[in-house]
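The values are calculated or read from the model by the stated rules, or taken from the named source; none is laboratory data. Everything quoted here is computed from the prediction, not taken from an experiment. When we count neighbours, we look across all protein chains shown, and the Cβ atoms used for this are built from the backbone with ideal geometry, even at glycine.
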Amino acid sequence: MVPSRRIRSVEKSKTLAITDKAKALKRKGIDVVSLSAGEPDFDTPAHVKEAAIAAIEEGFTKYTASTGIPELRQAVADKLNREAGAEYSAENVLVTCGGKHAIFSSVLALCDPGDEVLIVSPHWVSYPEMAKLAGATPRFVQVREENGFHVEAADLEKAISPRTKLLIFNNPTNPTGAVYGRERLGELVSVLARTDAYVISDEIYGKIVYDDVAYVSLASFPEIRDRVLVVDGVSKAYAMTGWRIGFLVASKPVAEAVAKVVGHSTSNATSVSQKAALAALTGDQSCVTEMRQEFDRRRRYVCERLAAIPDVRCTLPEGAFYVFPDVSAYLGQQDGPADSFALCDRLLESEHVAVVPGGAFGMEGHIRISYASSMEQLERGLDRIEAGLAALRRA
Ligand code: GLU
């Protein structure tokens, strides 16, 4: 079997591959601690589940409009209007099968072969592969750790070329936890306003920010709003990963173009899940606050544990639920792992702890640890990471 050139050009999703490998080891009876996928361990809130059960019992089990049910589209528009001072209507919104589907459909709707997709890196593993699947060429603009993993406006300006059709930007950021406030965003917007590039702003972690850091949507800037595609969803904030509901908010011509992709690929997001997502967005929000407080406690714990390991450097994340420590001191030694991929293989095989190599996100020398797992799993996982690195020091 010879797969298409398109498929031959892409990598498997590393986050999913490692998580699957950890699950396979668990099925064999091995006690694996998985800190790989960004998946909240909490149960979906009860009122959300009840809305889904009611939808099933009422027979709400048929196709919906392919753009999503009107009341959910309106709820998404209302939410973003409140947050960004914008004036979106339901027609600007598409409901998709997860945030991933919103991004992929948007890349497909916007990009032609020969177009460049500029990606702020380190980046989520799927962005460059989505660009390649659309026949476009991924390019990267690298952030610097000493800058808190934030991209500089000057670096962005240098990286944009006449062929840049699209920028993919993620705020709060997976895997680094960096969050861009209004001032930093304003600097980037002043660069983007001088181009005609579209911007996908993946804001799926928007509700998960800590301390006095505030989430500001890129849709808050009217000067580029027509070219901004905001991606959000219920997976992360409401512990609803399996329900597969994401949203896209964009100008009407863009939303209509993306709707063609959605219409031909999935028809519509699951009817029952849409009702559940509506309950999540419009119901009591205290569940979001409670989960965020618990993520915050875990964030501090993981960073404290990492700080106590010799030669590991860790920037305290401002948002999302990942830490991205620098473990480069443990790489490239004789008989030791050559890079972050080899280190993660070794941690999984010898210590039975699953984490994701920084190289998969475009930054070698780091690993990504998800703290969306329970405190008990984190304690055990950190014990194993500590033991695995100690063994490398002794070797
Ligand atoms: N977005 C999550 C992560 O980065 C889930 C897995 C995936 O879709 O990549 O771990």
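Against the list (1) surrounded by 19 or more Cβ atoms within 10 Å (Cβ to Cβ); (2) at positive phi, the condition Val151 fails is (2). In the set (1) of a type outside the set (Phe, Trp, Tyr); (2) farther than 25 Å from Glu157 by Cβ; (3) outside any loop (DSSP other than H, G, I, E, B), the condition left unmet by Ala239 is number (3).
Tell me yes or no: at least one residue of the range 78-97 is modelled with pLDDT of 95 or more, within 15 Å of the ligand (Cβ to nearest atom) and not in a helix (DSSP H, G or I). Taking every residue of the range 78-97 in turn, at least one turns out to be modelled with pLDDT of 95 or more, within 15 Å of the ligand (Cβ to nearest atom) and not in a helix (DSSP H, G or I). Are any of the residues in the range 205-220 of a type outside the set (Val, Ile, Thr), within 13 Å of the ligand (Cβ to nearest atom) and at negative phi? Yes.
Here Ala280 fulfils each of the conditions (1) under 30 Å from Asp212 (Cα atoms); (2) surrounded by fewer than 18 Cβ atoms within 10 Å (Cβ to Cβ) apart from (2).
Does Cys344 satisfy the criteria of being touching a Pro at 6+ places or on another chain (Cβ under 6 Å) and buried (at least 22 other Cβ atoms within 10 Å of the Cβ)? Yes: the conditions hold for Cys344.
Can you pull out every residue in the range 144-202 that is hydrophobic (A, V, I, L, M, F, W, C) and either without any contact (Cβ under 8 Å) to a residue 12 or more places away in the chain or within 21 Å of Val258 (Cβ to Cβ) (or both)? Reasoning before the result, please.
If we filter the range 144-202 for residues that are hydrophobic (A, V, I, L, M, F, W, C), which is where we start, we get 149, 151, 153-154, 156, 159-160, 166-169, 178-179, 185, 188-189, 191-193, 197, 199-200.
Once the filter is applied, which keeps residues that are hydrophobic (A, V, I, L, M, F, W, C) and either without any contact (Cβ under 8 Å) to a residue 12 or more places away in the chain or within 21 Å of Val258 (Cβ to Cβ) (or both), the range 144-202 yields Ala154, Leu166, Leu167, Ile168, Phe169, Leu192, Ala197, Val199, Ile200.
Scanning the range 157-179 for residues that are within 15 Å of the ligand (Cβ to nearest atom) and either closer than 13 Å to Ala136 by Cβ or charged (D, E, K, R) (or both) yields one hit, Ile168. Looking only at residues in the range 248-284 that are of a type outside the set (A, V, I, L, M) and under 20 Å from Asp196 (Cα atoms), the one that is nearest to the chain's Cα centre (by Cα) is Ser251. For the range 221-240, name all the residues that are surrounded by fewer than 24 Cβ atoms within 10 Å (Cβ to Cβ) and more than 16 Å from the ligand (Cβ to nearest atom). Result: Phe221, Pro222, Glu223, Ile224, Arg225, Asp226, Arg227. Restricting Ala280, Ala255, Ala276 to residues that are within 16 Å of Ala109 (Cα to Cα) and assigned to a helix (DSSP H, G or I) narrows the list to Ala255.
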